[in-house]
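The values are calculated or read from the model by the stated rules, or taken from the named source; none is laboratory data. In this text, all values refer to a predicted model and were calculated from it rather than measured experimentally. Glycine also receives a Cβ, built like all others from the backbone with ideal geometry; neighbour counts cover every protein chain displayed. We work out accessible area using only protein heavy atoms, side chains counted, and drop any ligands, DNA or RNA first. Shrake-Rupley method; radii C 1.70, N 1.55, O 1.52, S 1.80 Å.
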Amino acid sequence: MTDVGTVVAFWMLAVITVGAALMVVAVRNLVHAVLFLVLSFIGVAGLYITLSADFVAIAQILIYVGAISVLIIFALLLTPRASRDNAETFLQGPALVLAAVFGLTVGAVALVTDWDVAGRGPFSETAAAIGEALLDKYVLPFEIASVLLLAAMVGAIVLVRED
Amino acid sequence: MEVQLGHYLTVGVLLFSIGLYLALAKRNVVGILMGIELMFNAVSLTLIAFSRFVESPQPIAGHVFVVFVITVAAAEAAVALALAMVVYRNRGTIDIDQINLLRW
């Protein structure tokens, strides 16, 4: 990945993704926090594209940006205006320490470890290979995932049904 | 200046830490869910980066795994937000400081 465009794109997307995630923590209005979360999801989709993961990038935009964020906003708008602040509990201090310790530990391990880096270039296109793998080697997890989605859909409908 | 595996892993770690903080510290149930979604994204980004850079007999397996992560995340979001709605209907709040039914 020596190409200048990829390097510039990576740094811009990395700053957008992490900055938007920090804004999710910082803004006081929860609706604005969801909008920054959407921006962070879009940044991650862009990072997938710089990793030549075209299918996953499109799935990310369709499902996270399109569906999950709308679901979160929908749930937010069904609750009263008063409970839409983005405040912390009394656990803010310990949570900050734990997140920092976790980040430093895992970050250090990830950077120190000598990964077995392959010399192959980017994937040319991934959708066909993913489709073949899903229906060949990973067909059982694929079927289980469809049952899981059905169960989650039925469960969500039963939970919020008025009776 | 080249973009290496370490750059993507650093972004993944930062995203995961921010998500962890959100999930642990926020008072609103929806805020906690947003933190969990951020952690899902961080893990997916790491998997895709490993799939792209690390030597493997089957490089595409990381992508397949991320497709499953996205599936499970969608199921989780639907059920968790339904649960938040039920809690709000029964308790009148989704502030987790007020949801203390199991407290001694």
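Mind telling me which of the residues B:43, B:29 ends up being β-branched (Val, Ile, Thr), in contact (Cβ under 8 Å) with a residue 40 or more places away in the chain and more than 7 Å from chain A (Cβ to nearest Cβ)?
Details: B:43 fails: in contact (Cβ under 8 Å) with a residue 40 or more places away in the chain.
One residue alone meets the criteria, B:29.
Mind listing whichever residues of segment A:22-42 are at the interface with chain B (Cβ under 9 Å from one of its Cβ atoms) and either under 18 Å from residue B:29 (Cβ atoms) or small (Gly, Ala, Ser) (or both)?
Those that are at the interface with chain B (Cβ under 9 Å from one of its Cβ atoms) and either under 18 Å from residue B:29 (Cβ atoms) or small (Gly, Ala, Ser) (or both): A:24, A:25, A:30, A:33, A:34, A:37, A:40.
So, in segment A:41-64, how many residues would count as being open to solvent by less than 10 Å² (accessible area, probe 1.4 Å) and free of Cβ contacts under 8 Å to residues at least 12 places away in the same chain?
At the first step, the residues of segment A:41-64 found to be open to solvent by less than 10 Å² (accessible area, probe 1.4 Å) are A:41, A:43-45, A:47-48, A:51, A:53, A:56-57, A:60, A:64.
In the following step, the residues that additionally are free of Cβ contacts under 8 Å to residues at least 12 places away in the same chain were identified as none.
Within segment A:41-64, residues that are open to solvent by less than 10 Å² (accessible area, probe 1.4 Å) and free of Cβ contacts under 8 Å to residues at least 12 places away in the same chain number 0.
Since residue B:59 meets every condition but one in (1) under 20 Å from residue A:142 (Cβ atoms); (2) part of a helix (DSSP H, G or I), which condition does it not meet?
(2)
What tally of residues in segment A:118-136 results from selecting those that are open to solvent by 80 Å² or more (accessible area, probe 1.4 Å) and either touching a strand residue (DSSP E or B) at 6+ places or on another chain (Cβ under 8 Å) or at the interface with chain B (Cβ under 8 Å from one of its Cβ atoms) (or both)?
So the count comes out to 1.
So residue B:21 fits all but one of (1) assigned to a loop (DSSP other than H, G, I, E, B); (2) facing chain A (nearest Cβ under 7 Å); (3) touching a helix residue (DSSP H, G or I) at 6+ places or on another chain (Cβ under 7 Å); what number is the exception?
(1)
Looking at segment A:65-86, which of the residues that are without any contact (Cβ under 8 Å) to a residue 40 or more places away in the chain and at the interface with chain B (Cβ under 7 Å from one of its Cβ atoms) is most open to solvent (accessible area, probe 1.4 Å)?
It comes out as A:78.
Tally time: how many residues in segment A:87-116 are loosely packed, with under 14 Cβ neighbours inside 10 Å and touching an Asp or Glu at 6+ places or on another chain (Cβ under 7 Å)?
Counting residues in segment A:87-116 that are loosely packed, with under 14 Cβ neighbours inside 10 Å and touching an Asp or Glu at 6+ places or on another chain (Cβ under 7 Å) gives 1.
What single numbered condition from (1) among the aliphatic types (A, V, I, L, M); (2) at the interface with another protein chain (Cβ under 7 Å from one of its Cβ atoms); (3) not in a helix (DSSP H, G or I) fails to hold for residue B:101?
(2)
If you scan segment A:137-163, which residues turn out to be surrounded by 10 or more Cβ atoms within 10 Å (Cβ to Cβ) and of a type in the set (Val, Ile, Thr)?
Going residue by residue through segment A:137-163, those that are surrounded by 10 or more Cβ atoms within 10 Å (Cβ to Cβ) are A:137-139, A:141-146, A:148-160.
Matches in segment A:137-163: A:139, A:144, A:154, A:157, A:158, A:160.
Assess whether residue A:79 counts as being more than 16 Å from the chain's Cα centre (by Cα) and closer than 20 Å to residue B:80 by Cβ.
Answer is yes for this residue.
Determine the pairs where a residue that is more than 16 Å from residue B:17 (Cα to Cα), located within segment A:5-34, has a partner that is aliphatic (A, V, I, L, M) and not in a helix (DSSP H, G or I) with Cβ atoms under 7 Å apart, the partner being 6 or more residues away or on another chain.
Matching pairs, first to second residue: A:6/B:3; A:7/B:1; A:7/B:3; A:10/B:3; A:33/A:27.
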